[in-house]
Structure formats: C-alpha cells, structure tokens
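Please read the structure below before turning to the comments.
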Amino acid sequence: MLPSILSKSRNEPLLARDRRRLCRLLCSSLRTATDLQLTNAAAAASSPPSSNSHIASSPNSYHHYTSVLQSCVASRSLGTGRQLHGRLLVSGLGPDTVLATKLVDLYAACGLVGHARRLFDGMPKRNVFLWNVLIRAYARDGPHEVAIQLYRGMVDYGVEPDNFTYPLALKACAALLDLETGREVHERVLGTHWGEDMFVCAGLVDMYAKCGCVDDARAVFDRIRVRDSVVWNSMIAAYGQNGRPMEALSLCRDMAANGVGPTIATLVSTISAAADAAALPRGRELHGFGWRRGFDRQDKLKTSLVDMYAKSGWVQVARVLFEQLMKRELVSWNAMICGYGMHGHFDEALKLFNKMRVEAQVTPDNITFVGVLSACNHGGMVKEAKEFFGLMVDVYSIKPTVQHFTCLVDVLGHAGRFEEAYDLIKGMPMQPDSGIWGALLNGCKIHKNVELGELALQKLIELEPEDAGNYVLLSNIYAQSGKWEKAARVRKLMTNRGLKKIIGCSWIELKGKTHGFLVGDASHPRSAEIYEELERLEGLMSDAGYMPDTMPVFHDVGDDEKRNMMRSHSERLAIAFGLISTPSGTKLLVTKNLRVCEDCHVVIKLISQIVQREIIIRDVNRYHHFVNGECSCKDYW
DNA sequence: CAACTATACA
C-alpha cells in the first residue's frame, strides 16, 4: 500500500500512518542545517498567502512534500532534491508522476539532463506534464533535435500534445531552422483547438520568423483574435530579424494604436529595427519613451541603443551609453567594436578590442572578429588583419567562417594583393560564396584589374544570376579602363537576361518624416529649391576646381546628359533637401539603397567642406562619414 | 510546465 501514498490525488486526505511515514522521510532527508534553511526559506517563498496556503504549510501533507520539491527546483537545491529522490527509491515510494515531474525539472534545471532522462525513461506511466518538462529541458538547452524526437515520441506514445508542448516543440524547430518540422507541427495544431491559443500562436510566429518566412508568420499573426504584448513583440522581431525594419517600426505603431503597451522587449526589437533603417529620429523617440518608463537603465535596452546610435552616425553617443552599462556583455562589446569599425575608426575599434580581452577579460567570439577584421579592412591594414585572423584561430580556437575569409579577401583586394587574395580563396575550407567573389570584384574595381574582375563576375553570375548589381560593377570596371564596347556588351547581356539595374534611391528623415528621392526626382514639394541649392553648390565647387567625373556612367550618351544624370543622383537631392531644411551646422544622415558613385563621393566631400557640415551617407554596405572635405573611408570602398 | 528582446563580411 505504501507506493500508493504518493500517487494519491492532491486533495484526498492522507491516512495518519501515511502522514507519519512521509514526515519521517522528509525530515530524515533534510538533516543538514543549510539544507533546512534553504528549504524553509524556499518553501515560505513558494507559498504566498492564498486560500489554500494552510494546506501547503501543513508539514504532514502531500502538498508540503511536493512544495518542498518545488522549492528545490526554484532554488536549484540539487542536494536536497537528490536526497529526496534517493529516499523515494529506497523506500519503494514509487513512480508518482507529479513528484517525478518535479525531479525531472530539478535535474534539468541543474544541468543534469542525463539524470532527468533516466528518471523519465524509468517511469511506467507518463502524462503530458512529464513529457513537457523533459521537452522543455532540451528545447531550452539543446540538443534541440532531442526535443523534437521527444515530441514525436510523445505522439507515438499516445499522449496528446497540449498548449505547453507546442510552443516548446516550435522553439526547438526555430533553433534548428527546421522549417519542415515546424510546418508539420503547425499542421497538427490546426487539427486541434490549440490554434486559438496565444502561446501556441506566438510560438508559430517565432518559428516562421526564425526560419525566414515572415509572411507565414504574419498570416498566423493576423488570425489571432486577442493579442498580448508578447505576440506583438514576436511579430515586430520577425520583421526586424528578416531585414524588414520599416515594417517592424510601423507595426510598433499599430501595437500602440491597438492599446497594447510596449514592453522592454518591444523597445529592444524596435530600436534595433530603427538602427537597421538608420532611422535616427525614430530611434531617439523610442529612447525617450524608454527613458520615461525607466527601461533605459537596463543593459539590454542600452545595448540596443549603443547599436542604434552607432549605426546612425553618433558613435560618440554610443560610446557614452556603452560606458554607462552596468555589466558589459559580449554583445555590448561587439556592438561597440563593430560600430567603430563601420565608421572607419579602426584605431578605436582595436583599442576597445584589446580593452575587452585584457582589462575586461571577456572572451571574443566569431562576431567580435568579424568586427575587428572589418575594422582593419576599412583602415587598409593588411598585416594586422592577418595577425588578428591568426589570433582568432590559434589563441581562441575559433573556426573561421566564410565571413572572416571575406574580410581578408577584401583587405587584400583593397591593397591590390590579388595573388594572395586568390590563393586564399582557393585554399578556403568551404565553398566561396557571393560575398567572397563580391569582395574580390570590389578590389578589382579599385585597382582596375580587368582580368580577375571578369573571373569574379563569372563566379558571381553562377551564384546569383538574378543580381543586376554584379553586371553593373563589371561594366564599370570596363568603363573605367576605357573599354566601352565591353562595357556595352555586359550591359546588353544584362538586359538580354531581363535584368534591370536597381533604381538608385536615397532617403533622409527629418522631424520624424521620411523624404525619399529617386535619380532625377522632381516630385518633392520643395524640388525647385533643392535643385537651386544644388546649382549654388556646384558653382562653389567649380570655383574650387571641381570637374565632374562621368566615367561611372556607362550609358552611351553625350557628356552633357551624363553630367545631368550625375548631378541629380538621389543622394545629392537628399543632401540638398537636408541642407535647406535644417539650421546650419546640423549633422545629416542619408541612407542609400546602392553604393555611392565615385563622383558623388568627391562632390559630397566638397559639400561637407563648403557648408561646414558633417554628412553621413549610409551606403548599401558601409558608412561614409564626410567631415571638412574628408571621408572616413579614406576613398577606399 | 509555455511564447517575444541587442552584436556580424561584401
């Protein structure tokens, strides 16, 4: 009869004899003073005043027994838990699923998944709680494949997954980027009534988002009737993580309009979206909002602000916030180092990197090295880049990824060391991707290496035949070396394949409103003033000896027309608009969907000198920080 | 027993 003690239903009164037995068991396992203190404190904490608190606090009840175990879970008192487990085994107090669930939970929480698994495997009967607790352990700490195996095992075992199981299984799918299984889980959910459950839907949204299917995520999101902040956050993060920051920002507005208050998670996701969209005014607004709520004291929010300010050109502000962090985590260091790197402050980036390793004793990861290598890159530091690469591999035993190789190829290409770059590519342990060939092609463009440029383009076309930018780049290489027929042939090849050059577009955000400009755009209400300003500046520039360089325009058109096309490049329109709409001295940030052309680069340098303004252009792949006639890229980009 | 939150090459 004893084994049945522990499987009595919770509300059934225990027999006096059972109670005595349990009490003895419990007391004998809690002999040490520390354990006792721990347990008492934890038990007190886990029984808040409630209608049945008298039951929980009664020392002889089954509730007390389970609550002691519960408190072990809460305080991770492995010792006490193991003793209890031992006693249970010795006394033949058998397999009660409630107690087993708590033990499995305890072992998993203390990192002893093996123990948890053995206990689980030994249970003759498994209910949904037991499955969930074990799946949770694997869904949280991995290996995630096991979580999915268990989910499948549970179905085979005949236990129906519930509203707790699905989010866990989906979390594992998300971690593995296993879209196929994710869809399978979704299918199953649709066959039940759990499709209405907010937790399950949040799990689905997140799973689709992590697997890159934002629109599937949105479809699930749209069908949810009542949405709490977490579901909104999941969807906002979905856009942010999939390169659609503008939609993330607008969804945050929708969330507020729907009366759901932003939480710290909302702000972190949205601020990071603002960073990616280089939407500084919006980011500052969010910063202010977080400040009023007192969220900005939290390191996670502050780190997202570090990233946002750095990406919006305010590296110094980012640094101040970085210094204010209570504890500088790896991500914070990475954000700051990459922030310096992308603006060309390679000396600051390297100083910070050393501070991180030596003073703060934080171990860098592969992302840190991407930042450091790209910083070397922007500074043209070949020797240092190689050294850091060696440091990464030899000292930190970090396996280089294709991104690290891309940085090296890029720095070598910039320096015109094509043989080394090409050898490096040939010796890479992985297949070179489009980034690698793109970096090489970029170097070829700078040094007018037509031969290797052709090869790189060949590879690029194989890898991404749909990308018109590749054709444009090669055509520019030809044009720069005066090979006009070849330039035209590439252009023709491009049109024959039905590819269109992406139209250049730049935007600038002023007072929370985004103003976008296309090439030759005359649609802006202040268009006349914008062109007037450009003309005024051109006059001042030719006084300074500026001659337009029309080389990059590869169309077969007359010089005058080329000039006109150049002078109405979208970034110039955006800058002119910024100049006439802001007080003198205001820093301008312009974002562009393509690369800045050579002539615009020269022009913007001159403008920054003439009007004495800091102008930041955020290219499709880097920043140009123009101050007093100089650019942070030192004309290498 | 459950869902969301920062960093990265070209």
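At-a-glance table
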quantity	calculated
Residue in segment A:522-539 that is surrounded by 13 or more Cβ atoms within 10 Å (Cβ to Cβ) and in contact (Cβ under 8 Å) with a residue 60 or more places away in the chain present	yes
Per-region count, segment A:272-290, residues out of contact with any Asp or Glu (no Cβ under 8 Å at 6 or more places or on another chain), in a helix (DSSP H, G or I) and touching a residue at least 12 places away in the same chain (Cβ under 8 Å)	7
Residue in segment A:232-242 that is nearest to residue A:259 (Cα to Cα), counting only those that are of a type outside the set (Gly, Ala, Ser) and outside any loop (DSSP other than H, G, I, E, B)	A:232
Residue check for residue A:453: at positive phi and modelled with pLDDT under 85	no
Total residues in segment A:288-335, condition farther than 25 Å from residue A:512 by Cβ, surrounded by 17 or more Cβ atoms within 10 Å (Cβ to Cβ) and polar (S, T, N, Q)	2
Test: residue in segment A:458-476 that is part of a helix (DSSP H, G or I), under 18 Å from residue A:439 (Cα atoms) and over 36 Å from the mean Cα position of the chain (by Cα)	no
Top-ranked residue of segment A:365-400 - restricted to ones that are in contact with a helix residue (DSSP H, G or I) (Cβ under 9 Å, 6 or more places away or on another chain) and among the polar types (S, T, N, Q), ranked as surrounded by the most Cβ atoms within 10 Å (Cβ to Cβ)	A:377
Condition met for residue A:616 (in contact (Cβ under 8 Å) with a residue 24 or more places away in the chain and part of a strand (DSSP E or B))	yes
Options A:216, A:197, A:254, A:206; residue that is crowded, with 23+ Cβ neighbours inside 10 Å and charged (D, E, K, R)	A:206
Subset of segment A:163-188 [in contact with a helix residue (DSSP H, G or I) (Cβ under 7 Å, 6 or more places away or on another chain), among the hydrophobic types (A, V, I, L, M, F, W, C) and more than 7 Å from DNA strand B (Cβ to nearest atom)]	A:169, A:170, A:172, A:173, A:175, A:176, A:177, A:185
Identity of the residue in segment A:498-552, within 38 Å of the chain's Cα centre (by Cα) and among the aromatic types (Phe, Trp, Tyr), that ends up modelled with the highest pLDDT	A:517
Residue count for segment A:221-231, restricted to those that are near DNA strand B (Cβ under 8 Å from one of its atoms) and assigned to a helix (DSSP H, G or I)	3
Qualifying residue in segment A:429-451 (condition: touching a residue at least 60 places away in the same chain (Cβ under 8 Å), surrounded by fewer than 19 Cβ atoms within 10 Å (Cβ to Cβ) and in contact with a helix residue (DSSP H, G or I) (Cβ under 9 Å, 6 or more places away or on another chain))	yes
Qualifying positions in segment A:298-323 - more than 10 Å from DNA strand B (Cβ to nearest atom) and either touching a Gly at 6+ places or on another chain (Cβ under 9 Å) or under 23 Å from residue A:506 (Cβ atoms) (or both)	A:309, A:312, A:313, A:314, A:315, A:318, A:319, A:322
Filter result for residue A:316 (more than 23 Å from residue A:230 (Cβ to Cβ), free of Cβ contacts under 8 Å to residues at least 12 places away in the same chain and among the polar types (S, T, N, Q))	yes
Test for residue A:228: is it within 29 Å of residue A:279 (Cβ to Cβ), charged (D, E, K, R), without any contact (Cβ under 8 Å) to a residue 40 or more places away in the chain and surrounded by fewer than 17 Cβ atoms within 10 Å (Cβ to Cβ)	yes
Test: residue in segment A:242-254 that is within 30 Å of residue A:165 (Cβ to Cβ) and aliphatic (A, V, I, L, M)	yes
Residues of segment A:495-513 that turn out to be surrounded by fewer than 19 Cβ atoms within 10 Å (Cβ to Cβ) and touching a residue at least 12 places away in the same chain (Cβ under 8 Å), as a count	10
Residue list for segment A:492-538, filter: within 24 Å of residue A:608 (Cβ to Cβ) and touching a Gly at 6+ places or on another chain (Cβ under 8 Å)	A:505, A:506, A:507, A:508, A:510, A:518, A:519
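Yes or no, residue by residue, for (1) more than 9 Å from DNA strand B (Cβ to nearest atom); (2) out of contact with any Pro (no Cβ under 7 Å at 6 or more places or on another chain); (3) part of a helix (DSSP H, G or I); (4) modelled with pLDDT under 90:
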{"site": "A:328", "(1), (2), (3), (4)": "yes, yes, no, no"}
{"site": "A:333", "(1), (2), (3), (4)": "no, yes, yes, no"}
{"site": "A:351", "(1), (2), (3), (4)": "yes, yes, yes, no"}
{"site": "A:363", "(1), (2), (3), (4)": "yes, yes, no, no"}
{"site": "A:370", "(1), (2), (3), (4)": "no, yes, yes, no"}
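The values are calculated or read from the model by the stated rules, or taken from the named source; none is laboratory data. The shown structure was predicted, so the numbers you read here are calculated from the model rather than taken from an experiment. Please note: Cβ atoms are built from the backbone with ideal geometry, for glycine as well, and neighbour counts cover all protein chains shown.
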